[in-house]
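Student: After the C-alpha cells below, expect a handful of questions from me.
The values are calculated or read from the model by the stated rules, or taken from the named source; none is laboratory data. For clarity, every value in this text was computed on a predicted model and none was experimentally measured. Every residue, glycine as well, gets a Cβ built from its backbone with ideal geometry; the counts of neighbours run over all protein chains shown.
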C-alpha cells in the first residue's frame, strides 16, 4: 500500500503538480437564526417605494374590475353556494394574474426606456478591477461527474481570460451517495488539479440539510478566508465577464449582500426543453426586469448563479429546523427564499441583475422530470407557510413567500374552478331548482348567468395572460440586433406561436401534476431528495402511459360532463380538455430529441453559440473515461494517484462520533474479513456497504490489503 502523508498527495508524475483536496481551515461562525425573536430593525431605505405603490394600485384596480365583472356574470337570479365558491376562486386567481400582468407591463416599460439597475453594473465596456477573494462553490449530488467538472473548468477558463483569475478559488462540494459517482468525481478532480492550483474537492459523509447544509458546512470551515462566494448548480455555467462585473459591483456597494443574475436555459435536447429555453429567452428578461424594478433592494434569491457576501450570509442566514414532522417540518427545502429574507432582515440589500448576459443553466428534458423537480420545490414553498409570520421580515420578503406558495396552490384552485363551473352547469341542466324559497319572496330565484358578459370576462383573462408574450415579442421585433439574435422577425413570431401552442397543451397536465403534489404534501408525504435527470429525456411508453393516465382520465371526464350540459360549454372547455386528452401523445412528442438547428423557437445562444458552452463539451469528452462504467473499488486498487487522493480526502473528514455504529460499515468489515480475495469481497458488498467502506480509512485499507495479498500469492505460485 502506498503511503499517504497528511492531506497532500504524493507520488504524482514529475510534470504534474501536487494537489491538496482542501485549503487550510478558515472558520467563520454561522449562528442559527430565530424566526420568533425580533432582531434589531434594519435601517435600509429602498428607492422603490413609489414603484411598489404604483404596482399595487394598478393590481388592485385591475383585480377589482375583473372581480366585479365576474360578480355581474353570476349574480343574475341570485348567488348560489356553488357560484359563491366560483367567485371566491376567481377573485384569488384573477388577482394573481393581474399582479403578474402589471409586473410584466412594468418590465416592458423600463426596458423600452433603457434599463438602469440600482447597483451600477455595466453590461459592456472595459473589465473592472477586482481585489476581493471570491470562492466559486459547486454543490453536487450524484451527477455526471465529467460534465459537472467540465462546466466548472469552462467557467474557470473564462474567468482566467479576463485577467482576474487570481482572485477566484474553485470548490466542488460533493454530497454524492453513489460510490461509483463519488470515485469518478475524485478521478476528474485529480486530473484537473494535477495541472492547476486553487481547485478543491470536498466530499461530505453526511448530507445534513442537503444543499443548504452543504453550503453552511463550507462557510463554517473555510468562509473566513473569502469576501464573496458564487453559488452554482451542477448544471450552471457562467462567463468570466459576468462574474467579474458582479464581483466589482459587490465591492462598490458595501451594503449589498447578494446579487442574483438571470440564468438563461441552454443546451436543450428535447422539444419540451426547447420550449422552456425559448420561453426563457424571449419572455424572461422582460419579466425579470419588471420584478427587479419594483422589488428593488428586496429582490429574491434563486439558489444558484448568484454572488453573496460571505460575512453577511454567515451572520444572518443560518437556517433553523422547522418544528413538526415532515413534510412541513424538518429541514427547510426551499432555502434560497428564506436566506434572502433573513439577509434582508439583517439590513443587507438583495438585488436582481436581469440584463447581464453570460449566466446559463439547463432544463429537465421532459415534463415528468420537470414535475419531479417541481414536486420538491412545491413542498419547500408550502413549508414557507410556517415562516410567513417570522418577526422582523420585510413585507416584500413575505410577498416572496406568498407568491412561492401561490405558484403551487393556484393549480388546485384552477382545477377546483373548472370543476365547480361544470357542476354549476350540470345543476342548471339536470337538478330541478327551488324557484320559491321557504321564506317570503315576491319573485322566484332563477339559477342563471350572463353568457355575454362571461365571454368578455374569459377574453379579458386570456388577454392578461397572452399580452405579456406579445409585449416581449414586440421588444424583440423593434430592435434590429435582438431580432437577428432570434433568427429574424418571422422566426420569432413563429416561435412564439409554436411555444404558445405547446405550452397550452402541457399547462393542463402540469395543473394536474401540481394539484396532485399539493394533495400528497397535505396528506403528509415527503418528497425526499431525488437525483436530477439531465439526459435526453427518453421515457418508455409504458411509464408515459402510467404516469399520464390520471390527466387523460380527467380530460375524458370533463369532456363527458361538458357534453352532457351543452355544446357551447364543451367548446369553452376545449383548451383544457384537449390538453388533458392528448397528454400521452404530447408527452411522447415533446420528449423526442429536437433538431440541432431548429427553424422555429431559435434563441440567441443557438444563433451565436457562446464559446464557453462548446468548451464544456470538449472538456467533458476529455474527462470521460474510456469505459462507460467504473467500479469504485477496482479503480482505487488500480490507480495509485486516485488512491492517494481518496485517502487524503478522508483525512479531511470530521472524526466519526464515538459510540455511533454504522450497520453498513460493520457489515462491510465482516464481509471483508471473511473474504479470501479482493474480487470475492467486492462481489459480496452491496452499494451501501461499498459507500461505507469508501468512507472509512481502516476498512478500505483492509480491503485493498486483500488485493496486495492476491498479488503476492500469484507471484509465489
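Student: Is it the case that the range 428-447 has a residue that's part of a helix (DSSP H, G or I), in contact with a helix residue (DSSP H, G or I) (Cβ under 6 Å, 6 or more places away or on another chain), at pLDDT below 85 and buried (at least 17 other Cβ atoms within 10 Å of the Cβ)? Before you say what the answer is, go through the steps one by one.
Tutor: If we filter the range 428-447 for residues that are part of a helix (DSSP H, G or I), which is where we start, we get 428-430.
Within this subset, residues satisfying the condition of being in contact with a helix residue (DSSP H, G or I) (Cβ under 6 Å, 6 or more places away or on another chain) are 429.
Still in the list and also at pLDDT below 85: 429.
Going one step further and asking which of them are buried (at least 17 other Cβ atoms within 10 Å of the Cβ), we end up with none.
The answer is no; no qualifying residue exists.
Student: Next question. Could you grab me the full set of residues in the range 271-315 that are more than 17 Å from residue 404 (Cβ to Cβ), under 18 Å from the mean Cα position of the chain (by Cα) and not in a helix (DSSP H, G or I)?
Tutor: Matches in the range 271-315: 305, 307, 308.
Student: Check off (1) surrounded by 20 or more Cβ atoms within 10 Å (Cβ to Cβ); (2) modelled with pLDDT of 90 or more; (3) not in a helix (DSSP H, G or I) for residue 537 and give me the number that stays unchecked.
Tutor: Among (1) surrounded by 20 or more Cβ atoms within 10 Å (Cβ to Cβ); (2) modelled with pLDDT of 90 or more; (3) not in a helix (DSSP H, G or I), the lone unmet condition for residue 537 is (2).
Student: Within the set of pairs 6+ apart or on separate chains, which have a first residue in the range 111-125 that is free of Cβ contacts under 8 Å to residues at least 12 places away in the same chain, a second that is exposed (fewer than 14 other Cβ atoms within 10 Å of the Cβ) and outside any helix (DSSP H, G or I), and C-beta atoms under 6 Å apart?
Tutor: Matching pairs, first to second residue: none at all.
Student: Within the range 183-199, restricting attention to residues that are surrounded by fewer than 23 Cβ atoms within 10 Å (Cβ to Cβ) and touching a strand residue (DSSP E or B) at 6+ places or on another chain (Cβ under 8 Å), which residue is nearest to residue 686 (Cα to Cα)?
Tutor: 192
Student: Can you name every residue in the range 359-382 that is assigned to a loop (DSSP other than H, G, I, E, B) and out of contact with any strand residue (DSSP E or B) (no Cβ under 7 Å at 6 or more places or on another chain)? Break it down stepwise before answering.
Tutor: If we filter the range 359-382 for residues that are assigned to a loop (DSSP other than H, G, I, E, B), which is where we start, we get 362-366.
Once the filter is applied, which keeps residues that are assigned to a loop (DSSP other than H, G, I, E, B) and out of contact with any strand residue (DSSP E or B) (no Cβ under 7 Å at 6 or more places or on another chain), the range 359-382 yields only 364.
Student: Kindly indicate the residue of the range 144-187 that is part of a loop (DSSP other than H, G, I, E, B) and in contact (Cβ under 8 Å) with a residue 60 or more places away in the chain and also farthest from residue 310 (Cα to Cα) among those meeting that condition. Lay out the reasoning, then the answer.
Tutor: If we filter the range 144-187 for residues that are part of a loop (DSSP other than H, G, I, E, B), which is where we start, we get 144, 162-164, 175-178.
Filter again for in contact (Cβ under 8 Å) with a residue 60 or more places away in the chain, leaving 144, 162, 164, 177-178.
Numbers: 144: 28, 162: 23, 164: 19, 177: 28, 178: 30 Å.
Looking at residues that are part of a loop (DSSP other than H, G, I, E, B) and in contact (Cβ under 8 Å) with a residue 60 or more places away in the chain, I get 178.
Student: May I pose another question? Could you please give the count of residues in the range 650-685 that are assigned to a loop (DSSP other than H, G, I, E, B), over 36 Å from the mean Cα position of the chain (by Cα) and buried (at least 17 other Cβ atoms within 10 Å of the Cβ)?
Tutor: Initial filter on the range 650-685 (assigned to a loop (DSSP other than H, G, I, E, B)): 652-662, 675-677, 685.
When the remaining residues are screened for being over 36 Å from the mean Cα position of the chain (by Cα), the result is 658-659, 675-677.
This time we only want the ones that are buried (at least 17 other Cβ atoms within 10 Å of the Cβ), so: 675.
So the answer is 1.
Student: Between a first residue in the range 320-336 that is at negative phi and assigned to a loop (DSSP other than H, G, I, E, B) and a second residue that is surrounded by fewer than 18 Cβ atoms within 10 Å (Cβ to Cβ) and modelled with pLDDT under 90, which pairs have beta carbons less than 6 Å apart while being 6 or more apart in sequence or on different chains?
Tutor: 326/526; 327/526
Student: Follow-up. For the structure I just gave you, tell me whether residue 355 is closer than 27 Å to residue 155 by Cβ and surrounded by fewer than 20 Cβ atoms within 10 Å (Cβ to Cβ). Steps first, please.
Tutor: Numbers: closer than 27 Å to residue 155 by Cβ: yes; surrounded by fewer than 20 Cβ atoms within 10 Å (Cβ to Cβ): yes.
Yes.
Student: Next question. Hey, any hits in the range 597-609 for a residue that's free of Cβ contacts under 8 Å to residues at least 24 places away in the same chain, surrounded by fewer than 20 Cβ atoms within 10 Å (Cβ to Cβ) and within 30 Å of residue 542 (Cβ to Cβ)?
Tutor: no
Student: Can you tell me which residue within the range 337-358, out of those that are in a loop (DSSP other than H, G, I, E, B) and in contact with a strand residue (DSSP E or B) (Cβ under 7 Å, 6 or more places away or on another chain), is farthest from residue 211 (Cα to Cα)? Spell out the reasoning first.
Tutor: Within the range 337-358, the subset in a loop (DSSP other than H, G, I, E, B) is 346-348, 354-358.
Adding the requirement that they be in contact with a strand residue (DSSP E or B) (Cβ under 7 Å, 6 or more places away or on another chain) leaves 348, 356, 358.
On the way: 348: 22, 356: 26, 358: 24 Å.
Result: 356.
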